[in-house]
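Here's the structure, in structure tokens; my notes come after.
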Amino acid sequence: MTRPTKRTSPPATAGGDAARELYDELTDDLLYDPAIGHGTIMGHPCIRLAGQFVACLERNGTALILKLPADRVTTLIAAGTGTPFAPTGHPMREWVTIPEPDRTLWQSLLTEAVAFARQNLPARSDG
């Protein structure tokens, strides 16, 4: 099986170029896993693991949005590292926005988000 090729990103909004490039680079690095692929969610470019949401780039192209365990989201918000993700005005308990592009942090949190999505996959029966 061949590794998916990197896709060309549409232009990011002003100020979001570095964040978009970092997002593209870090998420493309996850494509070694054939269960991980690119898509969209709520108008945001995203990555999924076997259909499970992992992470996306905010529409304005400057922040990373991840799905993590609720207690981890709470910790990130309390530490000032993240902010609640509340697209309808109500925070989603397992989603967090990381507003500042930071290679080490984003890479670490993407790894956590992939592991969290993997935990939520249906159990396989090798029956």
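Points worth noting:
- Per residue, the solvent-accessible area of region 52-127 (1.4 Å probe, heavy atoms of protein chains only, all protein chains present) comes to 56 Å².
- Within the accessible area of region 23-108 (1.4 Å probe), percent carbon and sulfur: 53
The values are calculated or read from the model by the stated rules, or taken from the named source; none is laboratory data. Every value quoted in this text rests on a predicted model; they were computed, and no experiment measured them. Side chains are part of the model used for accessible areas, which takes the heavy atoms of the whole protein and leaves out ligands, DNA and RNA. Shrake-Rupley method; radii C 1.70, N 1.55, O 1.52, S 1.80 Å.
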